[in-house]
Amino acid sequence: MFIFKKRFSSALEIAQLGNPVLRQKAALVANVQDEAIQHLINQLIATAEKYKGVGIAAPQAGQSHRLLIIASYPSERYPHAPNMAPTPMINPSIIDHSKEIEKDWEGCLSIPGIRGLIPRYQSVEVEYLDRSGYGRKQILSGFIARIFQHEYDHLEGKVFLDRIANTQEIMTEFEYQKQIVRQDGTR
Ligand code: ZN
């Protein structure tokens, strides 16, 4: 019990839709080694864990920095998510992407209770600084590529609702769990 409490102690409050910070273009991180940035990375990882997110971007915690975390694992929110250790990406960019686009259901900690069927590139080649400040280049595909594109949008002041082509492709979390998660074993 104590361990859990300690682990979650640095979780931050999530900015929700309507908060202007979610509509700002986030600023580049000047110094990855900065103590405040390193602390923020730890807090974001704790926040994603506490709220069962598979990713989180700094603006969602009210911090308008170009910093996102991918932390994918299967949960009740995303039962088919692959496992990926929490990976901070600082000043990320998309340098290439597949022609192929896939639609899948997404949710967002900043938009609780809503799911949307969102088109995303099937794979993206990305560049970023890791938390030690080293430049990394990586090809992400499938669900991980989706998480990246969702979180990257947050750095640009966008949310997944902006990418919905058709308002009939919006569902409540209740219906999503009932229709998509429980009735389709393949997802
Ligand atoms: Zn989000």
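The values are calculated or read from the model by the stated rules, or taken from the named source; none is laboratory data. The shown structure was predicted, so the numbers you read here are calculated from the model rather than taken from an experiment. Ideal geometry is used to build each Cβ from the backbone, glycine not excepted, and the neighbour counts take in all protein chains shown.
Does PRO82 qualify as being free of Cβ contacts under 8 Å to residues at least 40 places away in the same chain, in a loop (DSSP other than H, G, I, E, B), farther than 17 Å from ASP153 by Cβ and out of contact with any Leu (no Cβ under 9 Å at 6 or more places or on another chain)?
Judged against the criteria, PRO82 is not a match.
Within the stretch 107-147, how many residues are part of a strand (DSSP E or B), under 21 Å from LEU67 (Cα atoms) and out of contact with any His (no Cβ under 6 Å at 6 or more places or on another chain)?
14
Tell me which of these LEU68 doesn't satisfy, since it passes every other one: (1) within 24 Å of PRO20 (Cα to Cα); (2) free of Cβ contacts under 8 Å to residues at least 40 places away in the same chain; (3) not small (Gly, Ala, Ser).
(2)
Answer with yes or no whether ASP104 is away from the ligand (no atom under 12 Å from the Cβ) and in contact with a helix residue (DSSP H, G or I) (Cβ under 7 Å, 6 or more places away or on another chain).
Yes.
Any residue in the stretch 25-40 that is under 20 Å from VAL159 (Cβ atoms), over 13 Å from the mean Cα position of the chain (by Cα) and touching a residue at least 40 places away in the same chain (Cβ under 8 Å)?
Checking the stretch 25-40: at least one residue is under 20 Å from VAL159 (Cβ atoms), over 13 Å from the mean Cα position of the chain (by Cα) and touching a residue at least 40 places away in the same chain (Cβ under 8 Å).
Pull up the stretch 156-173, narrow it to residues that are within 11 Å of the ligand (Cβ to nearest atom) and touching a residue at least 24 places away in the same chain (Cβ under 8 Å), then point me to the one that is farthest from ILE56 (Cα to Cα).
LEU161
Per-residue answers, yes or no, for (1) away from the ligand (no atom under 14 Å from the Cβ); (2) at pLDDT below 95; (3) more than 16 Å from the chain's Cα centre (by Cα); (4) of a type in the set (Lys, Arg):
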residue	(1), (2), (3), (4)
ILE114	no, no, no, no
ILE118	no, no, no, no
SER123	yes, no, no, no
TYR128	yes, no, no, no
ARG131	yes, no, yes, yes
TYR134	yes, no, yes, no
GLY142	yes, no, no, no
ALA145	yes, no, no, no
GLU151	no, no, no, no
